[in-house]
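Here is the structure we will look at, set down as structure tokens.
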Amino acid sequence: MNKIINDETSNLIILNQYIKDLSYENFQKNGTHNFDAKENNTNIEINVIHEPYGEVNFGVNIKITINCKSKKEKNTIFHLELDYYGLFKAENANLVDKNYLTSEGARIIFPFARSIIASVTQNGGFMPIILDNVNFNLTKG
């Protein structure tokens, strides 16, 4: 199913989206760790990469890394890496800049990546990590 975003200057059509890479490591021993956000340091890093394909197609890769360490013991509790990819077609792409296309593509696919992270962390033995919405506005202005 193609999703079309109407704009005064461009239509953005999502052609495909998928998990490009997923890694999850749970370092707790025998399920003994009781996850409490107040007792742990959770570092979340999100990067967005634009990959052009010809004149009208492009890809957006959202790379999310989450590393959770115990404040008391200083050891890693879990580590998650997700590369989530969306392939898009931009009609009238020459009328908008790459930053706009990248930020709109990331905005469209981010909810799917957020859902995957919540599911993986919950199925990995912890409370689900539900990421806040992210403003991917990369346009200058």
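Remarks
- Rounded to the nearest 10 square angstrom, K98 shows an accessible area of 120 square angstrom against a 1.4 Å probe.
- Of the solvent-accessible surface of region 46-91, computed with a 1.4 Å probe over protein heavy atoms with every protein chain present, carbon and sulfur atoms account for 46 percent.
- Per-residue SASA entry for D132, accessible area with 1.4 Å probe, Å² rounded to 10: 130 Å²
- For H50, solvent-accessible area (1.4 Å; no DNA, RNA or ligand), Å²: 40 Å²
- Heavy-atom accessible area with a 1.4 Å probe sorts V120, V60, V134, largest first, into V134, V120, V60.
The values are calculated or read from the model by the stated rules, or taken from the named source; none is laboratory data. Predicted, not measured: the structure shown is a model, and the values here were computed from it. Note: areas computed on protein heavy atoms with side chains; ligands, DNA, RNA excluded. Shrake-Rupley method; radii C 1.70, N 1.55, O 1.52, S 1.80 Å.
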